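Structure first, commentary second.
The values are calculated or read from the model by the stated rules, or taken from the named source; none is laboratory data. Just so it is clear, the structure is predicted and the values come from calculations on it, not from any experiment. All Cβ positions, even for glycine, are placed from backbone atoms using ideal geometry, and neighbour counts span all protein chains on display. Heavy atoms of the whole protein, side chains included, go into the accessibility calculation; ligands, DNA and RNA do not. Shrake-Rupley method; radii C 1.70, N 1.55, O 1.52, S 1.80 Å.
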Amino acid sequence: MVKNIFHFQGLISFFDEVGKVARFASRFFKEFLKPPYEFRELLKQCYTIGYQSLFLIGLTGFIMGLVFDLQTRPTMIEFGAESYMPAMISISVVREIGPVITALMCAGKIGSSIGAELGSMKVTEQIDAMEVSGTNPFKYLVVTRIMAATLMLPILVIMADVIGLFGSYLVESLKGGVTLQLFYNKVMNNLSFGDMVPSFIKSYFFGFAIGLIGCYKGYNSDKGTAGVGAAANVAVVIASMLVFVIDLIAVLISDIFYEL
Amino acid sequence: MLSTQQKLSKSNDHGDFAGPPLIEIRDVHKAFGENHVLNGFDLDLYDKENLVIVGKSGSGKSVLLKCIVRLEEIDTGTLKVLGKNIPDLNHQELDELRADVGFLFQGSALYDSMTVRENLQFPLRRHTERMQGLDEENLILTTLKSVGLAHTVDMLPAQLSGGMKRRIALARTLILRPKIILYDEPTSGLDPITSKEIIELILRIQKEYDTASLIITHDMDCARVISNRMIILINGINYREGTYRELAALDEPNVKAFFK
């Protein structure tokens, strides 16, 4: 009985939190449309979230393509399907692995940094100071960061896909003697518009979710410095989970379109 | 009885401080759940006056300051600043009013990611109407000179000592030339020598910029030197009100505790 009550309370607090995140998101859409627009801060955040993540995402993408090729190659050879390697790798990377791995890396890097930054600004009263100086802190801090994450993630995904495929090409070139031209042709012949568009669209949602959760946790953090650490930590965990949930929904929706 | 409010000076006797009050607070109540922080608080702050509020930790002093600039909403009562009823103002009116009310936060609340110059530019760029005919760079340097820290203009807050941060925060408050400055524990966390410097600076700034000041402090030395009038805040009301000397002469345990 007592156990059931605890489960029930846990459920209530879960839905309470979901409601708060939804309210936070609706406030984002309201504030996002209202002038004045913080273009300068948006550009700064695009630089921080996008440009400063290039190396990490590039390296991750490269290793992803390399390892994926190395791991699948023996099995494909066993079935005599070695020539299908570029096609198989490209579809897997573009449709699924590229966006998801990039989003998970960004959830770790961007989600935690936004959560910690806003959390520390909250506990040191910097957000209050901003409000007192006549700035809407939600617009200046939250809208710009969510926008930047939403805009930058698809670009990072495209970059990770390209570098990942290059990693795969290196393995194919070294082990199978495949030329760059041949690899390119095989990739492009097998990739369709329907592979690229859904993955591109879901990347926007990944970016939005990562920015939203990082900002929500940071902006609402309390309990001093411990709260800042908790905000960063929880932001990463929830954003990573949301990446998988959004991915599942995106796959189910795109499946409906494939069947049509 | 702790609920007794008593003014030791006559109600209309404010020495040199005549005219309508810049801040007028009547019967203000504020509670956080069951925790009733302000229970019918009254206050008048006059032009060029230094009014000090002392009270125990958690007695609602900081909450009171936050209510004045509407970082917190009051539950009931009247709160007028520069003749405007704070709860009735819309966002634009509130932002305009906030430019006339400087707020020095307890922990300085400088923006970590910005240099000293950018910290001072921040409020200026939000209130461009106050900049008409003024050279921004010149204004920043002049204000920094008035707190004795013009050489720190390109430094980051992390490179400054606690006392320097407090001075820069004061400069950021002064740059919009406010009519009222609210000080939240201006000397807390500082060594006695730096505290004395900050107290002298507050007095000098008040003369130079003709501001009225509402100061919250635990530091009775600070209260003695700065105050024209003092309020002792106990149980959410102005328990006793008078000059430092009048209050120090009282033979009441609740009041005496502050002067030990």
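Worth pointing out:
- Complete set of residues in segment B:37-67 that are open to solvent by less than 10 Å² (accessible area, probe 1.4 Å) and either outside the structural domain of B:E208 (by TED's automatic domain parsing) or touching a helix residue (DSSP H, G or I) at 6+ places or on another chain (Cβ under 7 Å) (or both): B:L38, B:F41, B:N50, B:V52, B:I53, B:V54, B:G55
- The set of residues in segment A:165-188 that are surrounded by fewer than 19 Cβ atoms within 10 Å (Cβ to Cβ) and β-branched (V, I, T) contains only A:T179.
- Restricting attention to segment A:1-27, the residues that are open to solvent by 90 Å² or more (accessible area, probe 1.4 Å) and at pLDDT 90 or above add up to 2.
- Residue check, A:S112 away from every other protein chain (no Cβ under 12 Å), open to solvent by 20 Å² or more (accessible area, probe 1.4 Å) and closer than 30 Å to B:A169 by Cα: yes
- Residue tally, condition farther than 23 Å from B:L38 by Cα and either buried (at least 23 other Cβ atoms within 10 Å of the Cβ) or of a type in the set (V, I, T) (or both), over segment B:216-247: 3
- Odd one out for A:G134, checked against (1) under 16 Å from A:K44 (Cβ atoms); (2) open to solvent by 10 Å² or more (accessible area, probe 1.4 Å); (3) assigned to a loop (DSSP other than H, G, I, E, B): (1)
- A single entry from A:G227, A:G194 fulfils the requirement of being assigned to a helix (DSSP H, G or I), surrounded by fewer than 17 Cβ atoms within 10 Å (Cβ to Cβ) and modelled with pLDDT under 90: A:G194.
- The single residue among A:K34, A:K30 that is open to solvent by 90 Å² or more (accessible area, probe 1.4 Å) and touching a residue at least 12 places away in the same chain (Cβ under 8 Å) turns out to be A:K34.
- Any hit, segment B:80-97, residues being in contact with a Leu (Cβ under 7 Å, 6 or more places away or on another chain), within 8 Å of another protein chain (Cβ to nearest Cβ) and under 18 Å from B:R177 (Cα atoms): no
- In segment B:200-258, the residues that are of a type in the set (S, T, Y) and under 16 Å from B:L182 (Cα atoms): B:Y209, B:T211, B:S213, B:T217, B:S227
- Qualifying positions in segment B:68-113 - open to solvent by 20 Å² or more (accessible area, probe 1.4 Å) and of a type in the set (V, I, T): B:I74, B:T76, B:T78
- Among the residues of segment A:128-151, just one is aromatic (F, W, Y) and away from chain B (no Cβ under 11 Å), namely A:F138.
- Single residue of segment A:95-109 satisfying the filter (surrounded by fewer than 24 Cβ atoms within 10 Å (Cβ to Cβ) and in contact with a Leu (Cβ under 7 Å, 6 or more places away or on another chain)) that is nearest to the other protein chains (Cβ to nearest Cβ): A:K109
- Residue within segment A:115-127 that is buried (at least 24 other Cβ atoms within 10 Å of the Cβ), closer than 14 Å to A:G207 by Cα and more than 13 Å from chain B (Cβ to nearest Cβ) present: no
- Selection of first residues in segment B:101-115 that are at the interface with another protein chain (Cβ under 8 Å from one of its Cβ atoms) and in contact (Cβ under 8 Å) with a residue 60 or more places away in the chain and of second residues that are open to solvent by 10 Å² or more (accessible area, probe 1.4 Å) and basic (K, R), restricted to Cβ pairs under 7 Å at least 6 apart or on distinct chains, gives the following pairs, ordered by first then second residue: B:L110/B:K165.
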